[in-house]
Each structure stands twice: as C-alpha cells, then as structure tokens.
1. With +1 on the Cβ of every Lys and Arg and -1 on the Cβ of every Asp and Glu, and nothing else charged, how large is the dipole of the chain about its Cα centre, in debye rounded to the nearest 20?
2. Can you list the HN-Hα couplings for the range 31-43, worked out from phi with the Karplus curve (6.51, -1.76, 1.60; θ = phi - 60°), rounded to whole Hz and with x for Gly and Pro?
3. Over the chain, what is the relative contact order in percent, taking alpha-carbon pairs closer than 8 angstrom and at least six residues apart?
4. Would you mind checking which residues have amide H under 5 Å from Val81's amide H? H placed 1.01 Å from N; only 5 or more apart, or other chain.
5. Distance between the C-alpha centers of the range 212-261 and the range 36-64? Whole Å please.
6. Among Leu252, Pro193, Pro211, which residue has its Cα furthest toward the positive end of the charge dipole of the range 89-266, with +1 on Lys/Arg Cβ and -1 on Asp/Glu Cβ?
7. Rounded to the nearest 20 debye, what is the charge dipole size of the range 1-126 about its Cα centre when +1 sits on each Lys and Arg Cβ and -1 on each Asp and Glu Cβ?
8. Please report how far the C-alpha centroid of the range 144-165 lies from that of the range 88-126, rounded to the nearest whole angstrom.
Amino acid sequence: MSVLVCVTGRNNDKLMAKLNEALPDVKIELWPHCEDLNRVQFVLAWNAPDELWAQLPNLKVVQSYGAGVDGIALDKLKPDVSVARIVDEQLSADMAEYVLSHVLANKLRHREYATNQGHRNWKPRRAKKGNEVGILGLGELGRVTAELLGHHGFSIRGWSRTQKCISNVACYAGEAQLEAFLSGIDYLVCLLPLTQQTKGILNAELFSQVPPNCVLINVARGQHLVEADLLVALDNNELEAAVLDVFSTEPLSESHPFWSHPKVTVTPHVAAVTNMDTVVAQIAANARACLGNNPLENRVDLGQGY
Ligand code: NDP
Ligand code: OXD
C-alpha cells in the first residue's frame, strides 16, 4: 500500500518529513507525483481536486487534514471508502479562544475605540450589557467554545441536530427549536459542518429572528452565509456587526465589500489552524489502521456528511 498526500495550496515539506518520521516503513508520496495510483489506499486530503478520486481504484480511506470534510467530494467516493477527520484538543482550544476574544472585543467596544482614536476622539462608554451567546453546532468545537465562554460569565445556549444535555448550556435541537434558540441572543456563533442541510442557514429569515444588537461570528464555512443577506441586514440595522473568518471564495477577493464595511471584521480563515505537531500521530494511526484493516479514529458518518 502507499499513502498519497494531497494537501493543496501550501508548502508540505515539514508535513512530509513528519509523516515519514511517523511511518518509516510506508511509501508516502506528495500529489501530483505518484508512481503507481493503483497502490494508493490512503489519502491525506485538503482541498483535493474532485477528479482525483476516480483515479484511485484501490482507495480505502480518505483522511481530512482538518476538522471539516466539505473539501472532499464525498459523492465522488466509492461506497466502500471510509473518511476520517481531525479531532484535536489544541484545535478546539484555539477555536474557543478565537470566539471568546471576538465576543469580548465587541462587548468592550474595541473597534469603536480604534475608530475614535483615528479621530482623536475621547468618548468613554460602558461595556455592552448583552451576555447571551448562542452557538450553532455543539460538536467538538462548539462544546469547548461553550465551556470557555461559560467560564467567562456568558450565558450559553446551543443548537444541534440531535438533542444534547450539557451542564450550564441551554440545549436546543432541530428545525423546530431554532426560532426559540435565536430569540434574545446577543452573539450568534456558527460552528456547524457544511452539509446540504446547513448550507445558507445564515440568511435573511434567520437574521430577522435575532435582536438588532446581535453580533454574528461565522467561524464554520463561508457557504453557511448568504453574503448579500448579511450586507442588507447590517445596512438596515437588523444586526449590529459580523466577525467573519470564512468565505464562500477564499482568499476573499480584493474588491469584496466585506473588507471595507464598517460593521464587518475579516480574518483570513485562522480561527483554528490544524497544528501538524499535534495531528500527525492520529493521521499515522489511521494510516496504520487502514493497512491492518482496523477501525479508524474520528470516522465521519457519510450518511450525515459530517
Ligand atoms: P462536529 O461534527 O464535531 O460537530 C458538528 C455539530 O453541528 C454537531 O453538534 C451537530 O449536531 C451539529 N449539526 C450538524 N448538522 C446539523 C443540522 N442540520 N442542524 C443542527 N445541528 C447540526 O464538528 P466540529 O465541531 O469538529 O467542527 C465544526 C466545523 O467547524 C467544521 O465542520 C468546519 O467547517 C469548521 N472549522 C473551522 C475552522 C476555522 O479555522 N475557521 C477550523 C476547524 C473547523 P449533532 O451533535 O446532533 O450531530
Ligand atoms: C478545518 C479548518 O476544517 O481549518 O479544520 O477549517
């Protein structure tokens, strides 16, 4: 068997060195170089081209190099191929810290004071009172984010597909409870996987169900958001502000209105970046599991798409 690494858009020298160190007895190749596509059973993928999958007749496992698997064309994989993803404590901690920092920055009016400083304008105001944080998605990242914000005194509610019971989190589930979940929140954090069910969920109808002082924080995927609806909601004061880490097209084009919108904070998909030092061990363990026909860690439910 051989392992193919198809992690596009970055330099993979360090990753290849670490994988070779962790799997010294396994042939590991970096796409597009591959001596024999017939021998590939395990692919480590991030934004791999959709055409790749049909060229690998003996593929058994696709391992995502991130938490999300939306960059892998799941519908192009043969039914006997399994998919695994990254679940990593450091990744969850980084995400929770990112969300906390942006909630606090908004509550403490950092952006307002930065603007005022530019105009030499001395204008003290109290921190905002709103304390209700709603998290869409109570998975690996949503739960850790809920816990950290809860420790900082925020009142937390979460929404998931199946009902949860988490201490100090008011749990809502399914379409039927979405409206109740949204009512009265001050911060709305999106930590859902991108699936057919969640695509476009951050839209005009949803924005009409949150109070006008609500701040949207989208750290999941750009396609969760209907960008035009957000611009309308912000310009009509139906939402107070938005913090966006992910976009339908990345990198965000230079001409995109988000860059200069006074109510939008843009970060370049950095809320939680896969740390190769902490994830190579689980990737190697899954490659070995594939080789020995053993169960994978962090296997994706292909029926649900996440
Ligand atoms: P998980 O799979 O662990 O959790 C997903 C959560 O979303 C679960 O609680 C699940 O519900 C819920 N969910 C899924 N579908 C629906 C639905 N139709 N209705 C309601 N709830 C739903 O994912 P992670 O927490 O690990 O990651 C979430 C996403 O974060 C990733 O998919 C990725 O897109 C994004 N991400 C972004 C990063 C960044 O840097 N910006 C970094 C890493 C990840 P249930 O529990 O009932 O199954
Ligand atoms: C991920 C990401 O899914 O970085 O891990 O977005």
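The values are calculated or read from the model by the stated rules, or taken from the named source; none is laboratory data. Quantities reported herein were computed from a predicted structural model and do not represent experimental measurements. Here Cβ is always computed from backbone atoms with ideal geometry, including for glycine, and neighbour counts include all displayed protein chains. Calculation scope for accessible area: heavy atoms of the full protein, side chains included, ligands and nucleic acids excluded. Shrake-Rupley method; radii C 1.70, N 1.55, O 1.52, S 1.80 Å.
1. Magnitude of the dipole: close to 820 debye.
2. 4, x, 6, 7, 5, 9, 4, 5, 8, 6, 10, 9, 10
3. Once normalised by length, the contact order is 16 percent.
4. Under 5 Å from the amide H of Val81: no residue qualifies.
5. When both Cα centres are located, 34 Å separates them.
6. Most positive-ward Cα: Pro211.
7. 1120 debye
8. The distance from the Cα centre of the range 144-165 to that of the range 88-126 comes to 20 Å.
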